[in-house]
Each structure stands twice: as structure tokens, then as C-alpha cells.
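What follows is a single structure, written as C-alpha cells, with notes after it.
The values are calculated or read from the model by the stated rules, or taken from the named source; none is laboratory data. What you see is a predicted model, and the numbers here were worked out from it, not measured in a lab. Positions of Cβ are generated from backbone atoms using ideal geometry, with glycine treated the same way; all protein chains shown enter the neighbour counts. Surface accessibility is based on the protein's heavy atoms, side chains included, excluding ligands, DNA and RNA. Shrake-Rupley method; radii C 1.70, N 1.55, O 1.52, S 1.80 Å.
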Amino acid sequence: MRLPSIRFLIGLVTVIAVCVVAAVLWKRSGSTPATAGPPTTVTCVGGSEKSELMADAEVKRVLRDDYRLEVAFQPLGSYDQVQLSTEEIKARKLDCLWPSSASAQGVFEAQHAGAFAGYRAENVLQSPEVIYAGPRGTDALLKKGIVQRRGDRYFVVNMKALLLDHVVKRGTWEQLGAADLRGPITVSSTDPAKSNSGFTMAQLQLGIIATADGFSAPSLAQARKALPTMRALHDAQGLQSRSSDSGFREWLTQGGEFKAPLYAGYENQIIQQVVQSGDASATLLKNVRVLYPDPTIYSDHPVLALDPDAGRFAEAMKDPKIQQIAWKRYGFRSAVQVGANDVGDFPGIGLADQIRAAPAPAADVTLALLGCIKNATTCG
């Protein structure tokens, strides 16, 4: 019996090796088709509070390597985004909008129905509206029964009394007995006509004033009756920042409660600041209290995809790796993964794990409130 020649054996091994390599490459290409080809650029305008998340090197890497996407992110106020005309959106070659509110999404859909054939919306992140305070203001509100402490967490349990008995009536912190605080009691915020964190607080205030229980979204008729009061609340604030991100930073750097004893914002803003402050976070938290209105309103962060590429981006933002980065570095709660956010990750802040929330109002109420804020003559 003749043994196979060495040349034959070498050829056989070569054929087998080529087949194995081809099979592996075929399997990889079939299981991850998104890795083929250069990245696709998606141009998206979104709320300023998401700027650092979208600049995060690891988020960019996951989008590029796993989904072959690069995102050109441009900050723009939520209601400025959704009130762009169809022609302007197309002229700017925008693939998606990323407002910070389900109400803003409703306004967009009401004004652009049928304008974008590939339109879809995916809520990927969320953050409850909170009121930032300091120890002096918080203590005064605790004594008045407006704020209640539960463990290390604080809840505004009588928001209606705060608004109607103190803010509208131009009550002062001196009258409330707050140590070292001066001036009228207001709930400061960013400009609600430009920034969603300010407008979300206005929506919450409207629901509390216009409805009997504060847990219901007001009808248009109920909202119209409350608009003059809403205008009074707005006028009491004076000049307001246009951006959620810069507004919160200004509040912190310009004295916290000595700049504004009560300041409305997103929960994620304090988490992001604590993460960035590192060892200095203890000093920061010594002077900041997170007050949860009971109920509050969740700020949703829906990606409004105008074409298939933006739809891929919306899906990519649901990636568990990105969702964990959004929570642990930037404080955004997941809108897609149940149990993904452990408030124990941030001891010392006093984050609430269970939060009662009221629904955001419908588009017609949203537009009526926005119109009142922009023009006092429409509030009557």
C-alpha cells in the first residue's frame, strides 16, 4: 500500500484551511452585517443636556464599531427643534430631532404629520423633573409642611400651597423663616420658551393649578383658566437661562441656593456633576438637596427619526452598554430596560427609587401654554 505523497498532503491541508477561514468569515459577515462598510453619519439636533453623553468617547466607539454610525450632534432647545418648519429641517439636512419631552414629540407630530415618510419615534432615555435647593430653604419648607423627608430623600408634598400661597402672593424667604435667605419665593428655571427643563416645570405647575388632584393632565378648557396664573409665575422669575446644561452650571457656580433658593432641573444633572466632581462631590452635596415634586413629570428623551439611518441610531441607543454609560456617567434613567438603574450607585445624593408621576399634557394644551409664555396677550 502506497502512502500519500507529501505534496498531496500539503495540498489537502491547504484546502481545509481555506475552507475553515472562509466559513468563519461567512459566519461573521452574516451575524454582524452592520460592521461592513464605512460609518454612516447621522445629523441630529437635541437638548443640550445630552451634549456630553454624545461626546463620550466610549459611546462614540460603540456607535462606530458595533453599528457603523457617527453622529453629528447639535444642541438646540426642545421646542425650538420641533417648531422648525419642514422646509428648514430638510434644508439643514437633519436626520433626526432629539427633544427632551414627550410633549415636544406631540407638537412635532401635530405640525409635521405625513411630512417624513420614514418617521418613527423611540424613547430611549428619561429623567424626572426635580427642584434643586439648599439646606436653608429645605429646612424652612420642611417646617412649613411643604416638603417632607423620607429617609435621606426629600419630596415636595404640597406644591399647590408653595405656588399659590407663596410664589403667586409674592411671599418672601424672610416670612418663611429661612436662615440667611432673602427675597421673594420663586421656583427658578431655564426659559420655558426655549428650554425643556424650564417648560417641564411649567407643565407640572399647570397640572397642579388647573386640576383638582394634580395627578391629571389638564384639558384645554382647564388650562385656559389657569394661564393667567401661569403667566404670573413666569414673570416672577425675571431673566432666565436658555439652556438646561448651562443654566444648572450657572446655578451651582453662582452660589446655589444663594442665587436661587429653588431651581428646577433634571435629576440627571446632579448625578453627572457628582461623577465629574470626583473627590470634591462631598462638598457639592453638602450644599445641595434634591427635592422631588410629588407628583413630578418625567422628561422623556425620544429620538424622532426622520429616515432609516436615524432609525438605526435610535435602535443603537438602546444598546445595554450605552444605556449603562448614560446612567453611570450622565445620570439618565433607561426608558427601555427594566431594573437597569440602581440609585445605590450614587450614595449621598438622596435619589428616589420610586417616583410618582403625572402625565404630560396633550399637544393642544402644550401649545397654549407655550403661546402664553411667549406672549402675555394670549393668556386671557
Quiz item: Separation of segment 197-262 and segment 312-380 by C-alpha centroid, Å?
Solution: 16
Exercise. Determine the percent antiparallel among the DSSP beta bridges restricted to the chain, to the nearest 5.
Key: 60
Exercise. At 1.4 Å probe size, with every protein chain present, just tell me what the per residue accessible area of segment 240-380 comes to in Å².
Key: 39
Self-check item: Apportionment of accessible area to carbon and sulfur, segment 233-342, percent (1.4 Å)
Solution: 50
Exercise. Determine the share of segment 32-143's accessible area contributed by carbon and sulfur atoms, expressed in whole percent, with a 1.4 angstrom probe.
Key: 49
Exercise. Return the ratio Rg/(2.2 N^0.38 Å) for the chain, where Rg is computed over Cα atoms only.
Key: 1.21
Quiz item: What fraction of the Cα pairs in segment 73-154, stated in percent, has a spacing above 14 angstrom?
Solution: 72
Quiz item: Using unit Cβ charges (K, R positive; D, E negative) and no other charged atoms, how large, in debye to the nearest 20, is the dipole of the chain about its Cα centre?
Solution: 380
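Which residues make up the longest stretch of the chain that has no trypsin sites (Lys or Arg not before Pro) in a DSSP loop with at most 14 other Cβ atoms within 10 Å?
260-355
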Quiz item: Tilt of helix 220-235 relative to the longest C-alpha principal axis of the chain, in degrees (0 to 90, nearest 10)?
Solution: 80
Quiz item: Counting alpha carbon pairs within less than 8 Å and at least 6 residues apart, what relative contact order, in whole percent, applies to segment 42-171?
Solution: 21
Practice problem: Select from A357, S277, S299 the residue farthest towards the positive end of the dipole of segment 250-380; place +1 on Cβ of Lys and Arg, -1 on Cβ of Asp and Glu, and compute about the Cα centre. | Solution: S277
Quiz item: Mind checking the angle between helix 6-31 and the chain's longest principal axis? C-alpha axes, 0 to 90 degrees, to the nearest 10.
Solution: 20
Quiz item: Could you give the accessible area per residue of segment 26-183, probe 1.4 Å, as a whole number in Å²?
Solution: 46
Quiz item: So for segment 187-234, Kirkwood radius off the Cα pairs, Stokes-Einstein at 37 °C and 0.692 mPa s: how many µm² s⁻¹?
Solution: 304
Quiz item: What's the carbon and sulfur percent of segment 167-207's accessible surface, probe 1.4 angstrom, rounded to a whole number?
Solution: 45
Self-check item: Dipole of the chain [Lys/Arg +1, Asp/Glu -1 at C-beta], most positive-end residue of V124, T172, T366
Solution: V124
